[in-house]
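Taking it in order: structure first as structure tokens, then the write-up.
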Amino acid sequence: MSRTHAILVTLITYKIALIAIGIWASRRTHDDSDFFLGGRRLGGWVAALSASASSSSAWTLLGVSGAAYAWGLSALWLFPATVSGFLINWLWVAPRLMTMSRERDSLTLTEFLAGDRGDRFYPAIMRLSAAAILFSFLFYVASQFQAAGHAFASSFGLSTSTAIVVGVIVIVAYTLLGGFWAVSVTDTLQGLLMAGAAVFLPLVALIQVGGFGELVEGLRTVSTTGQLSLTRNYPGILGLAFILGTLGIGIGYPGQPHVVNRFMALRDRAALSRGRLISIAWAVVIYSGMLLLGLCGRVLFATVADNEQIFFETANQLLPPVVAGVMVAAVLSAIMSTADSQLLVAASSISWDWQRAGGHEARGLTGSRIVVIIVSAIATMLAIFAPAAIFSRVLFAWSALGSAFGPPLLVRLAGHRVAPAAVLAAIAAGFGLTVVAHLMPDGPGDWIERLVPFAIALAISIAGIRNREDAAGPGGT
């Protein structure tokens, strides 16, 4: 069997499985609670792997390995940056959000943050949040489509636009059919595939290099200065800014609606405990594997056309054609897993949050599915006609969402009642300042974009704490 045939067979089998999951999930989807949160019946394995796959995917497999190839040892800061985000989410956010969202009967993160429907700031919070989510996810989803499209195109000789459209059709199909259940179960499958690839391919590359000792010597040899650097050769205070900016990626995790909604959907405390262990172990495997892969690739391959294609370059060069084809096909499908969760959250933001902001009930499943189709179409256009580096595009959307929603969420989960006006101001400041910082020239580690908006939004949220003396407990609002 040729490499192309192996890819084709694997893809067809995999896509059939995804559609089958969508059909199965459609039988469990009867109302908005089922479509957006799976009826709050998510078990530990599904919650852990679906949340993990949704927060990573193309950025991890291609972006992180590509950064390690381009940066060398400096990319190692991405490991504590990302794993710390998993720890914050599962140790602090998950147990509190699971309980408090049930008490308020909130189906979305936005609804949870907005508070009482009778408050005069409620509509503004809901609409601003929906707009921020939609804006960010258009770029985020486009990066997933773009990543898979380029790889599909190179594997089959298709045009990039054709490859993107084919992948989009499959994702939209199973998302429309089964909503949250389909997305969560397919993400679980994709998370397992990602973990397998993150173990197998880096080990093959490390063996080819000759072991860790040879890897270190090889990295020193290919360095432009002949020295190993943990700061991308930025001197003094600029090096510190690079480290802090890179570590700042971790603080964005609590503000990701497509990730924390899994915590709102957890079945019980047992599922939470199991999911916590699985998710953190998954993060360690995935990020260490992709960093190792990028570093080995830096030693093995002097030049590549695009550093974010080092994953595929390594697979194609070091594995037999059939094995490489199967791995590329499986991982390409996993790359696109993040898009389904984001499409679902975008749908909930418009069909649920926006409608409730106007005092109306949600449009129901039909309205949600229409929004999924519209967002997919716009993201497809962005992927085809406005491509950009996956690493930077994803981190922009990540930082915008993290700075907008993370600060008020963390303060609320700490048991404090935050004035609605402060919630609105924090979301506006976190999101708006991230957009402004992104338009500025890049600094080391993009520390301004990742740290300053978050810090200002957090300060606003803390300043907005009201009735400090009778702040609510873990179950309060």
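At the residue level, His438 shows approximately 70 square angstrom of accessible surface with a 1.4 angstrom probe and all protein chains present. Treating the Cα atoms of the stretch 203-275 as identical point scatterers in vacuum, please give the log10 of the normalised Debye intensity I(q)/I(0) at q = 0.21, 0.24, 0.26, 0.28 Å⁻¹, two decimals. With no solvent term, the Cα-only Debye profile gives -0.91, -1.03, -1.10, -1.16.
For Arg417, the residues whose modelled amide H falls within less than 5 Å of its own, excluding neighbours fewer than 5 places apart on the same chain, are Arg466, Ala472. Electrostatic tally near Thr246: other residues with Cβ closer than 13 Å to its Cβ, Lys and Arg +1, Asp and Glu -1, net -1. Only protein heavy atoms count here; under a 1.4 Å probe, Glu217 has an accessible surface of about 100 Å². Each residue of the stretch 267-279 was assigned a 3J(HN,Hα) from its phi angle through the Karplus curve 6.51 cos²θ - 1.76 cosθ + 1.60 (θ = phi - 60°); the sequence is 6, 6, 5, 4, 5, 4, 5, 5, x, 4, 5, 5, 5 Hz, with glycine and proline shown as x.
The values are calculated or read from the model by the stated rules, or taken from the named source; none is laboratory data. Here the structure is a predicted model, which is why all the values come from computation and not from measurement. Here the Cβ is made from the backbone with ideal geometry for all residues, glycine too, and neighbour counts use every protein chain on show. These accessible areas exclude ligands, DNA and RNA; they are computed on the full protein's heavy atoms, side chains included. Shrake-Rupley method; radii C 1.70, N 1.55, O 1.52, S 1.80 Å.
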